[in-house]
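The values are calculated or read from the model by the stated rules, or taken from the named source; none is laboratory data. Just so it is clear, the model here is predicted, and its values are computed rather than measured. Note: ideal-geometry Cβ built from the backbone for every residue, glycine included; neighbour counts use all protein chains shown.
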Amino acid sequence: MAKIFCIANQKGGVGKTTTTVNLAAGLAQIGQRVLVVDLDPQGNATMGSGVDKRALPLTVYDVLLGSASVAEARRPSEKAGYDVLGANRELAGAEVELVELEQRDKRLKAALAVVDASYDFVLIDCPPSLSLLTLNGLCSAHGVIVPMQCEYFALEGLSDLVNTIKQVHANLNRDLQIIGLLRVMYDPRITLQAQVSDQLKAHFDDKVFNTVIPRNVRLAEAPSYGLPGVVFDPASKGAQAFVDFAREMVERIRGM
């Protein structure tokens, strides 16, 4: 049975897509079967996996509206070793069309159930806003991985996200929980980042992943080549950290 995780944070620019594609590539490297679901109309996770969003005949938009199955719409990320259920700008219109449909917040969950046996992990890259798209992701998932920078404003945004997850857990998805907080773009030379990191560990304890993703130029360069950093430059510190994170994820899931 696939473990389904949303990579979510209501604050933009915190590395959600970078986390999604690099965790997927790291998991694929250690032998896991992975599907990435791009729920952001910008389609960055699609392009960052080497799949051209402009050339997709079918996308997650078609899956949500019921005109295609996941098996029909998914595409392989040839170099990274996982499958992608891609997105493009069409997805922005799905919000309006979903409002009229029955079970509008559970449509992705129903579609993923059909391919459950084909994957070990499903990673859902959510948009930064709390929309019907994000809600579909949260209703499908067993848990949420929260990438966050160790900055003051990130802590404020985290409290909003925790409240959202509690509401979805109470009303729509009893399985939903925070799996862990991932510290990203981390620079230990900055005193404030070290202080915020310590605060996170003190407050959330074992919900904070042990792996820390460093600030790394190679991770930032990789999307322009249509590759996750783990594939683009496997020797870089950022890539190695994500492979370590993939191993930590597998271990954490075994304990769930």
- Message: Which count do you get for residues in the range 140-158 that are surrounded by 23 or more Cβ atoms within 10 Å (Cβ to Cβ) and in contact with an Asp or Glu (Cβ under 8 Å, 6 or more places away or on another chain)?
- Response: 1
- Identify the residue in the range 123-144 that is part of a helix (DSSP H, G or I) and of a type in the set (S, T, N, Q) and, among all such residues, is nearest to the chain's Cα centre (by Cα). 134
- Restricting attention to the range 36-46, the residues that are within 14 Å of residue 228 (Cα to Cα) and touching a strand residue (DSSP E or B) at 6+ places or on another chain (Cβ under 7 Å) number exactly 3
- Working only within the range 3-51, note down all residues that are crowded, with 24+ Cβ neighbours inside 10 Å and basic (Lys, Arg). 16
- Would the range 123-132 turn up any residue that is crowded, with 19+ Cβ neighbours inside 10 Å, at pLDDT 95 or above and not charged (D, E, K, R)? yes
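Yes or no, residue by residue, for (1) at pLDDT below 95; (2) more than 18 Å from residue 112 (Cβ to Cβ); (3) hydrophobic (A, V, I, L, M, F, W, C); (4) out of contact with any Ser or Thr (no Cβ under 8 Å at 6 or more places or on another chain):
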{"residue": "10", "(1), (2), (3), (4)": "yes, yes, no, no"}
{"residue": "14", "(1), (2), (3), (4)": "yes, yes, yes, yes"}
{"residue": "30", "(1), (2), (3), (4)": "no, yes, yes, yes"}
{"residue": "33", "(1), (2), (3), (4)": "no, no, no, no"}
{"residue": "53", "(1), (2), (3), (4)": "no, yes, no, no"}
- Note on the structure: Inside the range 57-72, the number of residues satisfying the requirement of being crowded, with 21+ Cβ neighbours inside 10 Å and among the aliphatic types (A, V, I, L, M) is 4
- Taking residue 85 as the residue in question, decide whether it is crowded, with 22+ Cβ neighbours inside 10 Å, of a type in the set (A, V, I, L, M), over 20 Å from residue 175 (Cβ atoms) and under 15 Å from the mean Cα position of the chain (by Cα). yes
- Query: Of the conditions (1) touching a strand residue (DSSP E or B) at 6+ places or on another chain (Cβ under 7 Å); (2) of a type in the set (Lys, Arg); (3) closer than 21 Å to residue 13 by Cβ, residue 218 fails just one. Which one is it?
  - Reply: (1)
- For residues that are buried (at least 21 other Cβ atoms within 10 Å of the Cβ) and farther than 8 Å from residue 2 by Cβ, tally how many sit in the range 106-122. 3
- Quick one: which helices (runs of 4 or more DSSP H) sit completely within the range 192-256 and have at least 3 residues that are surrounded by fewer than 19 Cβ atoms within 10 Å (Cβ to Cβ)? 217-221, 237-254
- Would you please name the residue that is modelled with the highest pLDDT, looking only at residues in the range 97-122 that are over 21 Å from residue 249 (Cβ atoms) and not in a helix (DSSP H, G or I)? 114
